[in-house]
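Accompanying notes for the structure given below.
The values are calculated or read from the model by the stated rules, or taken from the named source; none is laboratory data. Everything numeric in this text was worked out from a predicted model, so none of it was measured. Every residue, glycine as well, gets a Cβ built from its backbone with ideal geometry; the counts of neighbours run over all protein chains shown. Each accessible area value is taken on the protein alone, full model and side chains, heavy atoms only, with ligands, DNA and RNA left out. Shrake-Rupley method; radii C 1.70, N 1.55, O 1.52, S 1.80 Å.
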Amino acid sequence: MKLFVYHTPELTPTDMPDCAITVDVLRATTTMATVLAAGGEAVQVFSDLDQLMRVSESWPAERRLRAGERGGGKVAGFDMGNSPLDCTPERVQGRRLFISTTNGTRALQRVQDAPIVLAAAFINRKAVVDYVLSQQPETVWIVGSGWEGSYSLEDTACAGAIAHSILQQTDSPLDELAGNDETIAAIALYSQWQDKLLDLLHHASHGKRLLRLNCQEDLKYCAQTDIVDVLPIQRELGVLVAG
């Protein structure tokens, strides 16, 4: 197995890996994992808000939720923004979440043609790692969502958390497991901050952006590791279910 970390979807090669793991800690993939853990039927991702509205119209109102986020804030006319704290079982159970966010949904669409597509965050890191170890794909990309094409500290730290756990549970030397320098750097970043992830999110530029929007509780939630045992996995193009 070879692990490759890419900081943003724009930095990925043109070919596809055997397994692609998308990461948007703040907050899309955290929200997706939370929805599925709370009994949501599926999560369907869109980069375009108008397309989301058109497709979701075919679903009964009582079986859908529309989540729209731009610049960290909720899009007018949508049921919710991108906060995982809004995804209670009472609200999401049996419903499909139609979601479009600034960064995370774009990352998922970049790798949607890979044979295996997963969504990961700190909160479901163990479930993702366990699946990868059980499947043993030859090439694994861990793709951060970044922020509008630029680097995001928290996504790379989460990529490092995944790679660090895989490294610990295999007999492979780091040089054999790491497919690029970014993987080694991501592991080093996570190793330095693993006991103070909330502090890391407070230092991150997007974390500061969310703090200005009074999303302190979101950061606390997103900084937790392995609190939900759910694997968001793509079963049809652009649709993730609990694996």
Fill in the blank from the handout: The residue that is farthest from the chain's Cα centre (by Cα), considering only those in the stretch 10-26 that are open to solvent by less than 10 Å² (accessible area, probe 1.4 Å) and within 22 Å of Ser205 (Cα to Cα), is Leu26
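Counting only residues that are in a loop (DSSP other than H, G, I, E, B) and open to solvent by 60 Å² or more (accessible area, probe 1.4 Å), which one in the stretch 41-89 is nearest to Thr30 (Cα to Cα)? Break it down into steps so the answer makes sense when it comes.
Here is the first cut: in the stretch 41-89, the residues in a loop (DSSP other than H, G, I, E, B) are 41, 46-48, 57-60, 71-72, 75-79, 81-83, 87-88.
Among the residues that remain, those that are also open to solvent by 60 Å² or more (accessible area, probe 1.4 Å) are: 41, 48, 57-58, 76-77, 79.
Details: Glu41: 16, Asp48: 20, Glu57: 25, Ser58: 26, Ala76: 22, Gly77: 22, Asp79: 18 Å.
Within the stretch 41-89, the match that is nearest to Thr30 (Cα to Cα) is Glu41.
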Handout entry: Residue match in the stretch 165-177 (condition: within 25 Å of Glu10 (Cβ to Cβ), open to solvent by less than 10 Å² (accessible area, probe 1.4 Å), touching a helix residue (DSSP H, G or I) at 6+ places or on another chain (Cβ under 8 Å) and among the hydrophobic types (A, V, I, L, M, F, W, C))
Key = yes
Practice task
Hey, could you check the stretch 134-158 for residues that are open to solvent by less than 40 Å² (accessible area, probe 1.4 Å) and assigned to a helix (DSSP H, G or I) and say which is nearest to Asp226 (Cα to Cα)?
Solution key: Cys158
Fill in the blank from the handout: Gln109: passes all of (1) surrounded by 21 or more Cβ atoms within 10 Å (Cβ to Cβ); (2) in contact (Cβ under 8 Å) with a residue 60 or more places away in the chain but (1)
Practice task
Determine which single condition Val132 fails, assuming it passes every other condition in (1) within 17 Å of the chain's Cα centre (by Cα); (2) over 25 Å from Glu236 (Cβ atoms).
Solution key: (2)
Completion exercise
Reported set for the stretch 90-106 where residues are farther than 11 Å from Met32 by Cβ, of a type in the set (S, T, N, Q) and crowded, with 16+ Cβ neighbours inside 10 Å is Ser100, Thr102, Asn103
